[in-house]
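The values are calculated or read from the model by the stated rules, or taken from the named source; none is laboratory data. Being a predicted model, the structure only gives us computed values, none of them experimental. Note that we place each Cβ from the backbone using ideal geometry, even for glycine, and neighbour counts take in every protein chain shown. For accessibility, only protein heavy atoms count, side chains too; no ligands or nucleic acids. Shrake-Rupley method; radii C 1.70, N 1.55, O 1.52, S 1.80 Å.
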Amino acid sequence: KALFQQAKQIAPCIIFFDEFQSIFTNRSKDQSSGGSNTNDVGQTLSSTLSGCFDDLVLWNKFSGENSSVTVIAATNEPWSVDKGFLRSGRFEKLMFIGPSDSQSRRVYLQRKYSSWPSKHIEWLVNHTKNFTGADITLLEQRAWQIHAQAFPQDGKSIPPGDSFPQDAVDSVSVASAS
């Protein structure tokens with residue numbers, strides 16, 4: 001509630017929720033056996049946020065165009081979001097942003113690993129087809145973990161290209177497919 005109050009005080013502004021589904025899951029599917037604490041917390045948060053949205057609809061209606069508060073949320077699992085949030089006055093517009101194409105991945109990886117030879121960048125581009133930005137970030141984290149376990153004394157960098165841990169690519173590919 002405090003976040004929404006603060007947003008109204010500094011409007012116009014944007015409130016952004018990342019990984020929205022992790023808190024505001026579908027209440028009808030979130031019924032675990034018995035009354036779990038997680039479910040109770042989720043119900044309370046969902047009810048509170050619903051009330052904040054309703055209040056914000058009125059605020060935006062009467063405060064004028066230059067004082068509006070816009071709420072945006074991101075999720076990798078839109079099917080898990082409580083349908084009560086996907087209606088007018090809440091998150092009424094959905095936008096799908098799919099996996100990056102090879103050129104986008106190439107540009108990102110060239111910037112991220114600017115000291116690497118292009119053949120190593122190309123190896124990664126070719127092994128990350130259908131990866132989203134989140135998948136590539138996960139890949140980097142898993143590669144660091146695998147490299148740190150194999151070479152605990154080397155805290156400098158992930159070896160590029162053919163030495164890049166294929167296990168990391170495989171584990172992210174499996175996670176993305178599920």
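Some observations on this one:
- Extension gain, L3 to T137: 0.36 nm times the residue separation minus the Cα-Cα distance gives 45.4 nm.
- You can think of it this way: the chain between S50 and F16 has 10.7 nm of extra reach, that is 0.36 nm per residue less the Cα-Cα gap.
- The charge dipole of region 90-154, taken about its Cα centre with unit charges on the Cβ atoms of Lys, Arg (+1), Asp and Glu (-1) only, comes to about 160 debye.
- Calculated FRET efficiency for the pair K129/Q43, C-beta based, R₀ 41 Å, to 0.05: 0.55
- At R0 = 35 Å, FRET efficiency that the Cβ-Cβ distance of N66 and L86 yields, to 0.05: 0.80
- Solvent-accessible surface (1.4 angstrom probe) belonging to K61, in square angstrom, nearest 10: 150
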